[in-house]
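Worksheet for the structure shown next.
The values are calculated or read from the model by the stated rules, or taken from the named source; none is laboratory data. Treat the numbers as computed from the prediction; the structure is a model and nothing was measured. Here the Cβ positions follow ideal geometry from the backbone for every residue, glycine too, while neighbour counts run over all protein chains shown. Side chains included, ligands, DNA and RNA excluded: accessible areas come from the protein's heavy atoms. Shrake-Rupley method; radii C 1.70, N 1.55, O 1.52, S 1.80 Å.
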Amino acid sequence: MSAASWTSLQEAAGPVSRETFDRLVAFEQLFLKWNRSINLAAPSTLDDVWGRHILDSAQLGRIAPQAKRWVDLGSGGGFPGLVLAFLLVEREGASIDLVESNRKKASFLQAVIGQFGLPARVIARRIDDSYPLVSAPEIVTARALASLPDLLDLSAPWLTKGACALFHKGRDYRAEVEESTHRWAFDLVEHPSMTDPHGVVLELSNLRPAIRNELLA
């Protein structure tokens, strides 16, 4: 049984209409229906899809309340990409691209977009094949996709041109940040997760190649 509440959604995402809440509750049930035939999320998390996936994704809306052009990498079961699409309905002119190479998962994403009329587009390609199709996003997101160094490499074509990244990370994020500095320099803001006491959302901007120490000697 879902523990969904309008209050919990507003605490995570900021001001959200009752209509958007109702649509996300309906999405939760649709997600569980599809998950019976397609593995969209870890079985251990299915007893709390609302808290562990929907609210966890929705908190990005509070971090970037004005952004309108988004891209989500490795969208999978729609977290955070589809959840953001529901929230972006309330932002005039906003949209999100969902990059997902798995055909079955891409079909799920497209079905949800069509059923709810969301301002989203599925790009059913590998991330490194999607660059020409995603034009000047403001925000790049990814959740449970790859290590931070790999995420920065994958998203560099956008981040080095002014986009900002919002990446969900767990308790070992500091080691990933340190490893990333071997290749990249960036501005970093750590947002404590509102749903995971050990997690953070890393806000990274101004990405540029790191200057090697030996060049400074």
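Counted as qualifying within the range 137-217 are the strands (runs of 3 or more DSSP E) with 1 or more residues that are more than 14 Å from the chain's Cα centre (by Cα), namely 184-192, 200-209. Exactly one residue among 110, 115 is surrounded by fewer than 20 Cβ atoms within 10 Å (Cβ to Cβ), in contact (Cβ under 8 Å) with a residue 40 or more places away in the chain and not hydrophobic (A, V, I, L, M, F, W, C), and that residue is 115.
Note on the range 15-52: among residues that are in contact with a Phe, Trp or Tyr (Cβ under 7 Å, 6 or more places away or on another chain) and free of Cβ contacts under 8 Å to residues at least 40 places away in the same chain, the one that is nearest to residue 108 (Cα to Cα) is 28. So, residue 195, is that one touching a residue at least 24 places away in the same chain (Cβ under 8 Å), over 30 Å from residue 108 (Cα atoms) and touching a Leu at 6+ places or on another chain (Cβ under 6 Å) or not? Judged against the criteria, residue 195 is not a match.
For the condition surrounded by 23 or more Cβ atoms within 10 Å (Cβ to Cβ), within 27 Å of residue 206 (Cβ to Cβ) and modelled with pLDDT of 95 or more, residue 149 does not qualify. Among the residues of the range 35-93, the ones that are open to solvent by 10 Å² or more (accessible area, probe 1.4 Å), acidic (Asp, Glu) and either touching a helix residue (DSSP H, G or I) at 6+ places or on another chain (Cβ under 7 Å) or closer than 18 Å to residue 164 by Cβ (or both) come to 1 in all. When 26, 58, 120, 111 are checked against the criterion of being hydrophobic (A, V, I, L, M, F, W, C), at pLDDT 95 or above and within 25 Å of residue 132 (Cβ to Cβ), a single residue qualifies: 120. When we screen 50, 34, 6 for residues that are modelled with pLDDT under 90 and aromatic (Phe, Trp, Tyr), the only hit is 6. Consider the range 75-120 and keep the residues that are over 14 Å from residue 58 (Cα atoms) and acidic (Asp, Glu). The one that is farthest from the chain's Cα centre (by Cα) is 92. Candidates in the range 90-112 are the residues that are in a loop (DSSP other than H, G, I, E, B) and small (Gly, Ala, Ser); of these, the one that is farthest from residue 141 (Cα to Cα) is 93. Of all the numbered requirements in (1) touching a residue at least 12 places away in the same chain (Cβ under 8 Å); (2) within 25 Å of residue 68 (Cβ to Cβ), residue 148 misses one, and that requirement is (2).
Put simply, of 138, 178 the only residue that is surrounded by fewer than 18 Cβ atoms within 10 Å (Cβ to Cβ) and in contact with a Lys or Arg (Cβ under 8 Å, 6 or more places away or on another chain) is 138. Of all the listed residues (205, 180), the sole one being in contact with a Cys (Cβ under 7 Å, 6 or more places away or on another chain) and modelled with pLDDT of 95 or more is 205.
For the range 118-127, the criterion of being closer than 29 Å to residue 172 by Cβ and surrounded by fewer than 16 Cβ atoms within 10 Å (Cβ to Cβ) is satisfied by at least one residue.
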